[in-house]
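Novice: I'd like to ask some things about the structure below.
The values are calculated or read from the model by the stated rules, or taken from the named source; none is laboratory data. Please read these numbers as outputs of a predicted model, since none were measured by experiment. Methodologically, a virtual Cβ is constructed for each residue, glycine included, from the backbone with ideal geometry; neighbour enumeration extends over all protein chains shown. Just the protein is used for accessible areas: all its heavy atoms, side chains included, with ligands, DNA and RNA removed. Shrake-Rupley method; radii C 1.70, N 1.55, O 1.52, S 1.80 Å.
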Amino acid sequence: MNRSLYSVCGMCSVRCPIRVEVTDERINWIEGNPNVPGIEHSLCARGSSGISLLYDFERLQYPMIRIGPRGSGQFKRASWEEAFKYVAEAIGNIQSQYGKKSLALVDRGAGLFGEIQRVFLRSIGSPNYFSHDDFCRKNVDLAYQTLLGYGRPEVGYDFSNTKHMVFYGRNALESLGVREANNIIKALSNGARLTYLDVRVSKTATKATKFLQIRPGTDYAFNLALIHVILRENLFDREFVERFITGLPELENFIKPYTPDWAEKETGIPSYEIVELAKQLSADKPKVILYPGWFAARTMNYFYNARSIIILNALLGSIEQKGGLILAKTPKEVGAKGLNSLLERVPAPQEKRIEAEEGEGFLYDGAGHILHLFRAIKTGQPYPIKGLFVMRYDPFAGITHKDIQELLNGLDLLVAIDTNYSSTAWYADVVLPESTYLERDDMIGMQRGAKPTLIMRRKAINPLYDTKGKWEIFTGLAKACGFGDYMPYESIEDIWNYQLEGTGIKIEEFEKTGQVALCKDPLMYSRDDLRFKTKSQKIEILSEKMVEREVPYFLEFQSPPKPDIEKGEFKLVFGRIAVHTHVQTHNNKYLNEIIPENDLWINDQVAKQLGIKDGDIIEISSDDYSAKIRAKVTPFIHPETVFMYRGFENEVPFKTRSFGKGVNEGRFLKGAFEKMAYGSHTGVLFENFIKVRKA
Ligand SMILES: Nc1nc2c(c(=O)[nH]1)N[C@H]1C(S)=C(S)[C@@H](COP(=O)(O)OP(=O)(O)OC[C@H]3O[C@@H](n4cnc5c(=O)[nH]c(N)nc54)[C@H](O)[C@@H]3O)O[C@H]1N2
Ligand SMILES: Nc1nc2c(c(=O)[nH]1)N[C@H]1C(S)=C(S)[C@@H](COP(=O)(O)OP(=O)(O)OC[C@H]3O[C@@H](n4cnc5c(=O)[nH]c(N)nc54)[C@H](O)[C@@H]3O)O[C@H]1N2
Ligand code: SF4
Ligand SMILES: [Mo]
């Protein structure tokens, strides 16, 4: 029998809408949801490989409890009841000794479907919820919050109607989301310009109208000079600036020394390119998008860099503008009622999250700060964290072995909730297997934007193994801990009905196209109606929030240290590849066949000096780790940097296709998890040097 249904892709965190075909209870086709503009049947290679994740024998199949030493890979199969009981008892022991707050949960961002794990954490009385954001987009999020009062998920980019895009290492055609990549291509085919800055020629660089190779870590200098020219030459949108920006005189004063000639020395980009870009952007304004990035946990100055990019958008009047940046509207703003939150049924914990003790000088609100979590596990300060739940996240795959060891030493309980044998699961005490996205229902999620839209993930077939959906896992755990009353859900429909109560929307409505929009047309404000969510309702260069928290609103540019190239020292940078997601897809049968391992990009002139030829096996090392990798000698990378694709060298032997293949960049990040970026305190992953030599 044939059937077809709409759902949501789960091969990365973008969550593209999909249509799935099932014949005789076997999935034989997945495509992008044809009803959704910008998607229209398309999927990326990873999305299409969902089928091979589903039918892969080398994934988690049943709950497991560790029986050998941590990291030995010795587990016994357990029933769900047994696993829940084991975890509940461990929670009881930890909480009676160290208090309720000594348990923490970290996930890949609560995002669209992630509320359920927070409900569980709250029901056991702990405030310690964390997400991966510090290592991803938090700089951009905080930069938006300080300037506009909106967070990063509340700002969208109208690529299809833009005239000029500027990307700073935002490798959008390779580190991709399908809709965004399609819209960028559409803009380019309509004649829009793309100015792209990177230390290397990425896939996106090959499609750019202008590629500017920049010295690593100096984008901030480039932007300061761009602001300088735009202000000096009166190239800004005067009406927008006068109505909406506060702090312009202070900005003008701060920016004075940062001329294009000065920036040329820092960035290596000729000053005339900066002047030319300023003029082009001014001519194309307000339909311009300067993209402050996605993965922004890069350099010490990245929070201020992101602020400078948002300020550039504001100067060019591109905010809440067709072809520019578009602000998300709440359900209330579009005249609808939003989803009910399951969290509201559980009393909020009285105690404070670990990093909330930080106080002044600290901009974080929302989810916790993972660097502080790591620190608390290692040191017991400001109070001990003894139990950790890791959900849909694999932090152990991206850090050094020493860091893993220190975290393990600090923990009495580590629970991994994953679909795969992740590195974190490998070291865990209990492994709870979640059904894949094709075998489970999730909570209803809301996609933010000018037209807020509800989306639903539905299971296409029943689980193939002894796995459960996350709502079942967390309600099961809550029951075992004696807090079942907070999560009284017997079926996913109980949850959906509760979420939808009072909205007038019925579950069946999702069947038609897979989505339910909360309004007919996107809502955009005219300049007369536009208000920002800051205290002054304007774009605050002298952010009140920063003043309140005693964080300086400007940062002087400091030249990044230069590696000693002649001695084989380089800055290590890395990024995503189109056919893999971070650390999770390298064992996927199809994707593994396409790209099974990574290599190390190195500049051809420098390679020559070091006697390295294309294809040679070379040794790379940090102070405490070394590995061998194949050299990719190329003119298309800045001489100060070497580059590799992220997430290879899986350490878990159960995953036979990817086991030991390639090199894991995370093992070279010595000290990275103690560094915190200026102003934002977020993670900093691109400030490490490594040594390279012929093996
Ligand atoms: N295929 C695929 N797509 C994904 C993901 C995935 O895992 N796989 N993950 C998603 C996620 S979570 C994220 S955060 C995004 C990340 O998307 P991006 O932010 O685009 O991140 P990266 O792939 O890390 O690309 C970083 C780029 O920065 C360049 N770079 C390094 N140093 C500098 C510098 O100093 N200046 C400039 N201008 N460039 C520099 C690198 O050479 C690289 O090309 O991708 C998302 N999309
Ligand atoms: N060294 C290093 N560290 C980094 C980065 C880097 O480039 N290098 N990048 C940073 C960035 S931008 C990000 S976004 C993070 C990403 O890092 P991670 O979030 O750790 O990477 P992913 O591979 O996306 O997935 C994490 C885990 O989720 C599991 N998973 C996938 N689908 C499901 C599901 O449906 N249910 C459950 N329960 N689990 C699932 C996967 O099997 C995998 O084990 O890493 C950050 N840290
Ligand atoms: S970008 Fe690709 S992997 Fe990610 S959700 Fe969309 S189709 Fe799936
Ligand atoms: Mo990310």
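Novice: If we count every other residue with Cβ under 12 angstrom of Ala45's Cβ, Lys/Arg +1 and Asp/Glu -1, where does the sum land?
Specialist: -1
Novice: Here is a follow-up. Pop the C-beta distance of Ala283 and Lys533 into the FRET formula with R0 = 25 Å and round what comes out to the nearest 0.05.
Specialist: Details: r = 31 Å, r/R0 = 1.23.
E(calc), rounded to 0.05, equals 0.25.
Novice: Expected output is a single nm value to one decimal: the length gained when fully extending between Lys628 and His401, i.e. 0.36 nm times separation in residues minus the C-alpha distance. What is it?
Specialist: 80.0 nm
Novice: Still on this model: So, in nm, how far is label Lys256 from label Arg693 when the simple model puts each one 7 Å beyond its Cα toward the Cβ?
Specialist: 5.0 nm
Novice: Which percent of the accessible area of the stretch 1-159 is formed by carbon and sulfur heavy atoms (probe 1.4 angstrom)?
Specialist: Carbon and sulfur atoms account for 48 percent of the accessible area of the stretch 1-159.
Novice: Tell me, what is the FRET efficiency for Ser559 and Arg345 to the nearest 0.05, using R0 = 56 angstrom and their Cβ-Cβ distance as r?
Specialist: 0.60
Novice: Taking each pair of distinct Cα atoms in the chain once, what is the resulting Kirkwood hydrodynamic radius in Å?
Specialist: That comes to 26.3 Å for the chain.
Novice: Taking the full set of protein chains and a 1.4 angstrom probe, give the accessible area of Tyr393 in square angstrom, rounded to the nearest 10.
Specialist: Accessible area of Tyr393: about 30 Å².
Novice: Restricting the count to DSSP beta bridges whose residues both fall in the stretch 565-694, what percent are antiparallel, rounded to a multiple of 5?
Specialist: In the stretch 565-694, DSSP labels about 60 percent of beta bridges as antiparallel.
Novice: Work out, step by step, the length gained on full extension between Glu40 and Asp365: first 0.36 nm times the residue separation, then minus their alpha carbon distance; give nm to one decimal.
Specialist: Fully extending the segment from Glu40 to Asp365 adds 113.3 nm.
Novice: Now, a different point. Kindly report the accessible area of the stretch 565-694 per residue (heavy atoms of protein chains, probe 1.4 Å, no ligands, DNA or RNA), in Å².
Specialist: Values: 5280 Å² over 130 residues.
That works out to 41 Å² for each residue.
Novice: Just tell me which lysines come within less than 17 Å, Cα to Cα, of Lys608; anything on the same chain fewer than 8 places away is out.
Specialist: Filter leaves Lys567, Lys632, Lys691, Lys694.
Novice: Let me ask something additional. If you roll a 1.4 Å probe over the heavy atoms of the protein chains, what accessible area per residue do you get for the stretch 274-319, in Å²?
Specialist: 17 Å²
Novice: Could you derive backbone 3J(HN,Hα) for the stretch 561-576 from the dihedral phi with the Karplus parameters 6.51, -1.76 and 1.60 (θ = phi - 60°), listing whole Hz in sequence and x where the residue is Gly or Pro?
Specialist: Result, rounded to whole Hz: x, 9, x, 8, 4, 4, 8, x, 9, 9, 7, 8, 10, 8, x, 8.
Novice: Pull up all non-local amide H partners of Arg70: gap of 5 or more, or a different chain, and H-to-H distance under 5 Å with H placed in the peptide plane.
Specialist: Answer set, sorted by chain and number: none.
Novice: Per residue, what accessible area does the stretch 54-192 have, given a 1.4 Å probe and all protein chains present, in Å²?
Specialist: Dividing the accessible area of the stretch 54-192 by its residue count gives 33 Å².
Novice: Given the C-alpha centroids of the stretch 208-263 and the stretch 282-332, what is the distance between them in whole angstrom?
Specialist: 13 Å
Novice: Summarise the accessible area of the stretch 211-335 (1.4 Å probe, protein heavy atoms) by the percent that is carbon and sulfur. Walk me through the numbers before you get to the answer.
Specialist: Working: 2020 of 3980 Å².
That fraction is 51 percent.
Novice: Follow-up. Fully extended, how many nm does the chain gain between Ile65 and Glu25 (0.36 nm per residue separation, minus their Cα-Cα distance)?
Specialist: 11.3 nm
Novice: If you don't mind, another one. Could you tell me which of the pairs Lys589/Lys655; Lys589/Lys661; Lys163/Lys186; Lys207/Lys661 are separated by over 19 angstrom between their Cα atoms in the structure shown?
Specialist: Long pairs (Cα-Cα over 19 Å): Lys207/Lys661.
Novice: In the stretch 334-385, if the dipole is taken from +1 on Lys/Arg beta carbons and -1 on Asp/Glu beta carbons about the Cα centre, which of Gly361, Leu339, Leu371 is farthest to the positive end?
Specialist: Working it through, the farthest residue towards the positive pole turns out to be Leu339.
Novice: How big is the charge dipole of the chain about its Cα centre, in debye rounded to the nearest 20, if each Lys and Arg gets +1 on its Cβ and each Asp and Glu gets -1 on its Cβ?
Specialist: 720 debye
Novice: Can you list residues from other chains, or at least 5 along the same chain, whose modelled amide H is less than 5 Å from the amide H of Lys538?
Specialist: Here the answer is Phe532, since their amide H atoms fall under 5 Å of that of Lys538.
Novice: Once amide H atoms are built 1.01 Å from N in the peptide plane, which residues 5 or more positions from Glu174, or in another chain, come under 5 Å H to H?
Specialist: Thr204
Novice: Determine, for each peptide in 478-485, 560-567, the mean count of other beta carbons within 10 angstrom over its residues, then list the peptides with the highest first.
Specialist: 478-485, 560-567
Novice: So which of Lys378/Lys675; Lys265/Lys628; Lys279/Lys322; Lys85/Lys378; Lys203/Lys265; Lys100/Lys378 end up more than 23 Å apart by C-alpha?
Specialist: Lys265/Lys628; Lys85/Lys378; Lys203/Lys265
Novice: Separate question: Tell me whether the stretch 565-694 comes out rounded, prolate or oblate; compute the Cα gyration tensor, take square roots of the eigenvalues as a ≥ b ≥ c, and use a/c under 1.5 as the rounded threshold. Spell out each step's value before the answer.
Specialist: Working: a/c = 1.76, a/b = 1.13, b/c = 1.56.
Because a/c hits 1.5 or more and a/b fails to exceed b/c, the stretch 565-694 counts as oblate.
Novice: Could you please state how large a percent of the accessible area of the stretch 565-694 is carbon and sulfur, counting protein chains only and using a 1.4 Å probe?
Specialist: Using a 1.4 Å probe with all protein chains present, the stretch 565-694 comes out at 50 percent carbon and sulfur.
Novice: So for each of 522-534, 43-55, 127-139 I average, over its residues, the number of other beta carbons within 10 Å; can you give me the resulting order with the highest mean first? Could the numbers behind the result be given before it?
Specialist: Numbers: 522-534: 13.7, 43-55: 20.2, 127-139: 25.2.
Going from most to least packed, we get 127-139, 43-55, 522-534.
Novice: Then there is this: If the cut-off is 16 Å between C-alpha atoms, which aspartates and glutamates fall inside it for Lys520, apart from same-chain ones fewer than 8 positions away?
Specialist: Glu333, Glu509
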